[in-house]
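First up is the structure itself, then whatever we jot down about it.
No lab work stands behind these numbers, since they all come straight from the coordinates. These figures come from a predicted structure and were not determined experimentally. Reconstructed Cβ throughout: ideal geometry from the backbone, glycine too, with neighbour counts over all protein chains shown.
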Amino acid sequence: MEANKKTYNTIDEYIADFPAELQVILTKIRQVIKEAAPDAKEKISYQMPAFELNGNLVYYAAFKKHIGFYPTAGGVSAFQEELSAYKGAKGSVQFPFNKPIPYELIGRITAYRAAQNREKGSK
């Protein structure tokens, strides 16, 4: 379900705006991202949940029929084979609600992106 074009200040506000079954999914994705990149900071960017670590790390959002996950082009290309079962674009992927959400894959992509950003930050 798409959010009602509201302005969100926190990820908690964003998640609270959705039905209970979607709140469970959004909360689990948030938890997976935090576990994969515990030093990342939460924020709202483009009115969706986002994490940053030496720059943008990943974003995610709920839509009517899917979760949009935005790990940048580098995150998508590194996991291209595993993501081939899903619709996507250069820096995004759609996880439809009619299939299990691949939390473990989201965690691995986030950890990969965190390593990229830490390396970038150390240069």
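Observations on the model:
- For the stretch 63-80, a residue qualifies if it is more than 17 Å from residue 117 (Cα to Cα) and surrounded by fewer than 18 Cβ atoms within 10 Å (Cβ to Cβ), and the qualifying residues are 63, 64, 65, 68, 80.
- The set of residues in the stretch 14-45 being without any contact (Cβ under 8 Å) to a residue 24 or more places away in the chain and more than 24 Å from residue 117 (Cα to Cα) consists of 16, 17, 19, 20, 21, 23, 24.
- Considered as a group, the residues in the stretch 86-123 that are part of a loop (DSSP other than H, G, I, E, B) and exposed (fewer than 11 other Cβ atoms within 10 Å of the Cβ) include one that is farthest from the chain's Cα centre (by Cα), and that residue is 123.
- For the stretch 69-85, a residue qualifies if it is within 18 Å of residue 33 (Cβ to Cβ) and not in a helix (DSSP H, G or I), and the qualifying residues are 69, 70, 71, 79.
- Residue match in the stretch 46-55 (condition: more than 11 Å from the chain's Cα centre (by Cα), part of a strand (DSSP E or B) and of a type outside the set (Asp, Glu)): no
- Lone qualifier among 14, 8, 60 - being buried (at least 16 other Cβ atoms within 10 Å of the Cβ) and assigned to a loop (DSSP other than H, G, I, E, B): 8
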